[in-house]
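Structure first, then comments.
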Amino acid sequence: MNIILLGPPGAGKGTQAQRLTSRRSMVQLSTGDMLREAVKAASPVGLRAKAIMEAGELVPDEVVDELIGNRLDQPERYSGSGFIFDGYPRTEAQAKSLDRLLGDRGMKLDYVVEIEVDEEALVDRITGRFTCAKCGAGYHDRYKLPKVPELCDVCGSDQFKRRPDDNEQTVRTRLAEYRAKTAPILPYYEAKGLVRRVDGMAPMDEVGASIEAILDS
Ligand code: AP5
């Protein structure tokens, strides 16, 4: 089963993708994570993307299409329980590219899950977010602290980090980009009958249960 998690920055796409990964052995394909790895490695893609990401704008379509295509071409890395597209596609051109990338490989999309949220909550969610520097597990200053203070629940590391684009000004640009370029792709998927919606303002486990109910339907 292959699904897209769609929603504005801070909606909980990464949180729910990680949950599905551990509960169902699905594979998270996050273009944001891939781009951050490229920035860290100072690769040509990373050098191109760094300033764009820090400004909260969208990286060119062809860059992310290629990242996704490359991952789909490495089936030996994946368990075969399906892909979760997290943060991709983000434009209508990317949506069409994804159809082509999947179709060329004999795959298809099963659901597009829109995580609906109250925009006012998002700045608070994003500016409070931090992750384990070693394994990438996600936390929040108020909504999800490590069970043992300052130690990652998953790997026990005491090293955490925050993203450079998780500041209020950049979040507002990211939200504007979402409204202008990403939300308009919903009708494309509605016409295909793939869209399902969950209440992203519910507690994380409830959101997760709603998504799993869709996958089991
Ligand atoms: P990306 O990394 O994709 O960021 P984003 O879409 O802005 O999404 P976030 O990661 O900020 O939010 P999320 O929905 O995953 O929320 P999370 O689960 O962490 O993209 C970054 C940049 O890369 C873009 O701006 C762009 O420049 C570039 N880029 C990436 N993909 C691209 C593409 N396809 N095309 C072009 N450019 C691209 O949750 C947030 C916080 O809230 C966490 O702390 C979490 O603990 C908490 N939380 C989650 N759920 C709940 C809940 N139900 N209740 C309370 N708290 C919650």
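Every number in this text was worked out from the coordinates using simple rules, so none of it is lab data. For clarity, every value in this text was computed on a predicted model and none was experimentally measured. Note that we place each Cβ from the backbone using ideal geometry, even for glycine, and neighbour counts take in every protein chain shown.
Below, the figures for the structure above:
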quantity: Kirkwood Rh and Cα Rg combined as Rg/Rh, the chain; calculated: 0.93
quantity: 10 Å Cβ shell holding at most 15 others, DSSP loop, chymotrypsin sites (Phe, Trp or Tyr not before Pro): longest site-free stretch of the chain; calculated: 1-77
quantity: Cα centroid separation, region 40-115 to region 127-150 (Å); calculated: 25 Å
quantity: Convex hull volume per residue for region 101-151, taking Cα atoms only, in Å³; calculated: 161 Å³
quantity: Long-range HN-HN contacts of L145 with modeled amide H, under 5 Å; calculated: H140
quantity: Low-density loop positions, trypsin sites (Lys or Arg not before Pro), region 122-180 - DSSP coil, at most 15 other Cβ in 10 Å; calculated: K134, R142, K147, R162
quantity: Charge tally in the Cβ shell below 14 Å around V198, where Lys, Arg are +1 and Asp, Glu are -1, V198 excluded; calculated: -4
quantity: Percentage of interatomic Cα-Cα distances in region 1-129 larger than 23 Å; calculated: 33 percent
